[in-house]
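One structure is given here, and the rest of the page talks about it.
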Amino acid sequence: MSTPRAHTSRRTALTLALSAPLALAACDLDPPSAAPSQSPTTPPPPDTEVVASARKAILLTVALLEVVSVQHRPLRARIRPLLDLHAAHLEVLDDGSEDQSPEAALPADTPAMARTQVSGAESNLAVTLADASRQAASGDLARALASMSAAVAQRAVA
């Protein structure tokens, strides 16, 4: 006796014929050991260098401000708000790395010359932060660095 066959509809046959290659393509035919090995060290996130260079520029400026503040007492009142501003910026850019104390430039001999030196350093820092904001891959970091640049430019000692 013969067994009755189940009839397959045309729609089901077409669906099976079209989906078989897709199902096979989804399978991983290579064994896991044949996959290319990844290096044990992963590259740093793209903005790591941007943050590190911005922090370094701020730390160099802070070092100069601290030396000028010690050597030229009349400038302390003008320098204190700048140091507070830079401390807040460093807190925002805290990447968990340990800061190394950079060597500050030698302060100018007179308070007037030191004020000009500080003003120049602050202007340079504003430009550096603006450049860093253009290099940032993250929109949030770019906005933060641009804001820092604007704040430094507004408070630069004249």
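The values are calculated or read from the model by the stated rules, or taken from the named source; none is laboratory data. Keep in mind the model is a prediction, meaning the values are calculated, not measured. With ideal geometry, Cβ positions are generated from the backbone for all residues, glycine too; neighbour counts draw on all protein chains shown.
Report yes if some residue within segment 85-103 is more than 21 Å from Arg143 (Cβ to Cβ), at pLDDT 80 or above, under 22 Å from the mean Cα position of the chain (by Cα) and surrounded by 12 or more Cβ atoms within 10 Å (Cβ to Cβ); otherwise report no.
Checking segment 85-103: not a single residue is more than 21 Å from Arg143 (Cβ to Cβ), at pLDDT 80 or above, under 22 Å from the mean Cα position of the chain (by Cα) and surrounded by 12 or more Cβ atoms within 10 Å (Cβ to Cβ).
For the structure I just gave you, tell me whether Ala137 is within 30 Å of Pro45 (Cβ to Cβ), within 22 Å of the chain's Cα centre (by Cα), small (Gly, Ala, Ser) and assigned to a helix (DSSP H, G or I).
no
May I ask you to list the residues in segment 109-128 that are closer than 25 Å to Ser53 by Cα, of a type in the set (A, V, I, L, M, F, W, C) and loosely packed, with under 15 Cβ neighbours inside 10 Å?
Val127 - this is the single residue of segment 109-128 that is closer than 25 Å to Ser53 by Cα, of a type in the set (A, V, I, L, M, F, W, C) and loosely packed, with under 15 Cβ neighbours inside 10 Å.
What are the residue pairs meeting all of these: first residue in segment 94-108, first residue under 16 Å from Ala63 (Cβ atoms), second residue of a type in the set (Lys, Arg) and at pLDDT 80 or above, Cβ atoms under 8 Å, and 6 or more apart or on different chains?
Partner pairs satisfying both residue conditions: Asp99/Arg55; Pro102/Lys56.
Please determine whether any residue of segment 82-91 is over 13 Å from Val62 (Cβ atoms) and either in a helix (DSSP H, G or I) or of a type in the set (Ser, Thr, Tyr) (or both).
no
Consider Ala108 against the criteria (1) in a helix (DSSP H, G or I); (2) within 20 Å of Arg155 (Cβ to Cβ): it satisfies all of them except one. Which criterion is unmet?
Going through (1) in a helix (DSSP H, G or I); (2) within 20 Å of Arg155 (Cβ to Cβ) one by one, Ala108 breaks only (1).
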